[in-house]
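*Asks:* Here it is: the structure, laid out below.
The values are calculated or read from the model by the stated rules, or taken from the named source; none is laboratory data. As the structure is a prediction and not an experimental result, all values here were calculated from the model. Cβ atoms come from the backbone with ideal geometry, glycine included; neighbour counts cover every protein chain shown. Ligands, DNA and RNA are stripped out before the accessible areas are found, and what is left, the full protein with its side chains, is counted by its heavy atoms. Shrake-Rupley method; radii C 1.70, N 1.55, O 1.52, S 1.80 Å.
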Amino acid sequence: MIRAFLKKVGLLPNKSTTSSGPLSHQGPVIIPRSEHGISRTGISENALKVLYRLHKHGFGAYLVGGGVRDLLLGLHPKDFDVVTDATPDEVRRVFRNCRLIGRRFRLAHVFFGSDIVEVATFRGKMDEPSDDISHSDKGMILRDNVYGNIAQDVWRRDFTINALYYNIADFSIVDYTGGYADIKAKRMRMIGQPHERYREDPVRMLRAVRFACKVGFELPKELVQPMIEMKELIGHVSAARLFEEMMKMFHSGAAHDVYEHLLRNELFGELFPVTNECLQQPSYPTHELLKIVFENTDKRIKEQKPVTPSFIVAALLWHPICVRAEQYMKDGMTFFPARMLAIEDMIRAQAKRISIPKRIVQGARDIWLLQMRLVRRHGKKVQLLMTEARFRAAFDFLEIRAKSGEPVQDLATWWKEYIEGDNEIRRNLIKSLGQKKTRRPRRKKSDTQHD
Ligand code: ATP
Ligand code: MG
């Protein structure tokens, strides 16, 4: 048991840790305030309030995880996680504006208007069987509520770069795992054995990809190889948790890089199986479409513009829908019902993996339905179409389809000229269609229609 524990925390040399030195279990290295360059001005006012208040009440209080990592890398953290030796109930006693949440991990949320600071209590050891740690038959941790101290908590974290503690008592960084040196060396390292840590929580595979892409570190072979071997475990993660992770990936500012990594590491198919089928047997330019959509997403994040998850979902499932609709038409169905059925089929297929909220799916559905309506350009209907809530998104989507290589460039150009044109240009554009062209030509049932 002890041997297993030592091996797990990296004290016994093993392949995954020898390349960059074994993780030390000797006690922490303390990096004083004068050396690490983290300034309190980089930390949100509310997170500081929480840290100071816990400290004032005699508790240990640290910033941990992404906040410390991103500040050291000169990035803007998107949230600040606080960890303490106070139990959740003690945290609640310190803050009136506080609610306890979570089944698997009990956490305190401290509210400041719409801003929430998450406060976790140090977790305890995992090597001893306990009523408060339960595993599934696949080795996944289902629930753990064992509290501990900082020296135990650190080994439960995923990567060394996520395991640095900024101590509000003296503004130093507490480093048990060599995470500080890893950040400086741009090195991703798992705490413990990647195989074992992925098995405990397969979401760590997705987190590895997201963090590496976000901070621009390379993923070493010892983190990638077990992903490929254990990718099926993603199927055991709850669909709700995968949705959260999917959103984080899209909003990471490195969505395109994440997409390329997921493809390379064979995880993409575990998340988006029907899209992956289209990528494997390309009859549409699916890869090009997704590449453009993810690149645009990253650009929007960089410009601090909002990202529409419906748009990304629309892109992910568009070609699977086209392919399925063609199959229905081969079986004798007409165009519109074939599309409608295909849309519902693909939504259902995707929902088996990731539970995408209804409002996001509805947004994607609107974009898909508008792709069909954008083809039919009867005089007055054109104007009406432009008043649809999702018109702009649908037009943007049409332009991306054209850019990716779908044969809809003429349609996209027509709409662009119409949107930008004055009344006379618009009249001429409608006229240019002619009566006959505006009507959908009758097609043979087996025809492919790229609209
Ligand atoms: P970001 O908030 O930028 O997505 P983060 O590293 O802060 O990144 P969180 O999900 O906020 O990620 O988690 C905070 C910290 O909790 C992590 O840095 C890590 O130390 C620990 N942690 C979170 N999820 C896991 C997990 N699945 N396994 C092990 N440790 C985890
Ligand atoms: Mg965080």
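*Asks:* How many Å² of accessible area per residue for the chain, probe 1.4 Å? Display every interim value, and only then the final one.
*Replies:* Details: 22050 Å² over 451 residues.
Spelled out: the 1.4 Å probe surface of the chain, per residue, equals 49 Å².
*Asks:* Something else: For the chain, with the dipole built from +1 on Lys and Arg beta-carbon atoms and -1 on Asp and Glu ones, taken about the Cα centre, which of 280, 414, 87 lies farthest toward the positive end?
*Replies:* The Cα lying farthest towards the positive end belongs to 414.
*Asks:* Could I ask something else about it? Using the alpha-carbon atoms, what tilt in degrees (0 to 90, nearest 10) does helix 391-404 show relative to the longest principal axis of the chain?
*Replies:* 90
*Asks:* If you don't mind, there's one more thing I want to ask. Roughly speaking, to the nearest percent, how much of region 242-342's 1.4 Å accessible area is carbon and sulfur? It would help to have the intermediate numbers written out before the result.
*Replies:* Details: 2260 of 4320 Å².
C and S atoms contribute 52 percent here.
*Asks:* Let me ask you something else. Leaving out ligands, DNA and RNA, what percent of the accessible area of region 374-434 is carbon and sulfur, probe 1.4 Å?
*Replies:* Numbers: 1770 of 3520 Å².
After summing per-atom areas, the C and S share lands at 50 percent.
*Asks:* If I take every Cα pair under 8 Å that is 6 or more residues apart in the chain, average their sequence separation and divide by the length, what percent do I get for the relative contact order?
*Replies:* Values: 650 pairs, mean separation 49.4, N = 451.
Reported relative contact order: 11 percent.
*Asks:* Between helix 409-420 and the chain, what is the angle of the helix's C-alpha long axis to the longest principal axis, kept within 0 to 90° and rounded to the nearest 10?
*Replies:* The angle comes out at about 90 degrees.
*Asks:* Going by a ≥ b ≥ c, the root eigenvalues of the Cα gyration tensor, does region 177-302 fall in the rounded group (a/c under 1.5), the prolate group (a/b larger than b/c) or the oblate group?
*Replies:* Numbers: a/c = 1.89, a/b = 1.31, b/c = 1.44.
Oblate shape, in that a/c is at least 1.5 and b/c is the bigger or equal ratio.
*Asks:* Taking the 0 to 90 degree range and rounding to the nearest ten, how far is the long axis of helix 255-264 tilted relative to the main principal axis of the chain, both from C-alpha atoms?
*Replies:* 80
*Asks:* Given the pairs 302/358; 305/358; 184/214; 231/291; 221/403, which span a C-alpha to C-alpha distance of over 25 angstrom in this model?
*Replies:* Values: 302/358 27 Å; 305/358 23 Å; 184/214 15 Å; 231/291 23 Å; 221/403 35 Å.
Result: 302/358; 221/403 exceed 25 Å.
*Asks:* Whole angstrom only: what separates the Cα centroid of region 244-285 from the Cα centroid of region 371-438?
*Replies:* 30
*Asks:* On to the next question. Separation of region 74-96 and region 172-196 by C-alpha centroid, Å?
*Replies:* 22
*Asks:* If you roll a 1.4 angstrom probe over the protein chains with everything in place, what fraction of the accessible area of region 165-223 belongs to carbon and sulfur, to the nearest %?
*Replies:* Values: 850 of 1800 Å².
Carbon and sulfur: 47 percent of the exposed surface of region 165-223.
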